[in-house]
Amino acid sequence: MARRRAERRPDRRPRQVEPAEFDEGSGTLYVVATPIGNLEDITVRAARVLGEVDGVLAEDTRRTRTLLTHLGHATPMQSLHGHNEKAKIGRVLGRLARGESLAVVSDAGTPAISDPGAPLVAAVIEAGGTVVPVPGPSAVITALCASGLPTDRFQFVGFLPGRPGRRRKVLVEALASGGTTILYASPHRVVKDLAIAREVAGDDRPAVIARELTKIHEEFDRGTLAELVERWTDKQPRGEFVVLIGPRD
């Protein structure tokens, strides 16, 4: 009995993926930016590409299905997120090599910018495939252009590391380099990130909190780091945050 049960046990070894060989008949990987809130921000080109490709590689298929339904598309989807991206790269390369064209999208905004997509793009390029960007919404640029802070020079640091010491080190380096510093922050860490920035840059450094961009409750809160920390300490932050810290005068 024990031997029969062992024989029926499924083979759990990883599937071997044949190396992809790209030629003139290979497909294209489109890196498609999607709305960060307001669905009207989808570009005409992005809407067309999402309807024409053979498949969409989506960070969250449920959210992307809402967008595709809004556009009237029924394009097949496959999940591609931070936990499975590297494991799926081989299969995606195989589909492209066989002539399929695919679009990679994140939950919102531009893929590969603090979102999945960068390892896949690098792998396709290394294999000799074609990558085409379809530009559009980006929370970084959306927040910066309406912040009132200098835009001629800026650095984007994404989400800060989890450890306070590492967060402080990243901010020290970024805030010392000049220009406007832009970072993403989750609701439960935005005040902590502001407090560390205040310790590093001082009370009077100009800063902006951009929250829920392009959505119904869009908000820009402008002031100094000291003022923002004071105003937000007793709040219960909700939504998605972009924090912008201006350069020294």
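List of remarks:
- Residue tally, condition hydroxyl-bearing (Ser, Thr, Tyr), touching a Phe, Trp or Tyr at 6+ places or on another chain (Cβ under 9 Å) and surrounded by fewer than 17 Cβ atoms within 10 Å (Cβ to Cβ), over the stretch 117-160: 1
- Cβ-Cβ under 9 Å pairs, at least 6 apart or on other chains, the stretch 109-128 side at pLDDT 95 or above, far side of a type in the set (Lys, Arg) and part of a helix (DSSP H, G or I): 119/86; 120/86; 120/88; 123/86
- Filter pass, residue 113 being within 24 Å of residue 88 (Cα to Cα), in contact with a Gly (Cβ under 9 Å, 6 or more places away or on another chain) and either assigned to a helix (DSSP H, G or I) or in the same structural domain as residue 40 (by TED's automatic domain parsing) (or both): yes
- Count of residues meeting criterion [under 25 Å from residue 94 (Cβ atoms) and either modelled with pLDDT under 95 or in contact with a His (Cβ under 7 Å, 6 or more places away or on another chain) (or both)] in the stretch 39-59: 3
- Residue in the stretch 156-179 that is assigned to a strand (DSSP E or B), touching a helix residue (DSSP H, G or I) at 6+ places or on another chain (Cβ under 6 Å) and farther than 22 Å from residue 235 by Cβ present: yes
- Any hit, the stretch 67-75, residues being surrounded by 12 or more Cβ atoms within 10 Å (Cβ to Cβ), more than 27 Å from residue 212 (Cβ to Cβ) and at pLDDT 95 or above: yes
- Every residue from the stretch 210-249 that is within 20 Å of the chain's Cα centre (by Cα) and of a type in the set (Phe, Trp, Tyr): 241
The values are calculated or read from the model by the stated rules, or taken from the named source; none is laboratory data. Just so it is clear, the structure is predicted and the values come from calculations on it, not from any experiment. In this analysis, Cβ positions are derived from the backbone assuming ideal geometry, glycine residues included, and neighbour counts consider all displayed protein chains.
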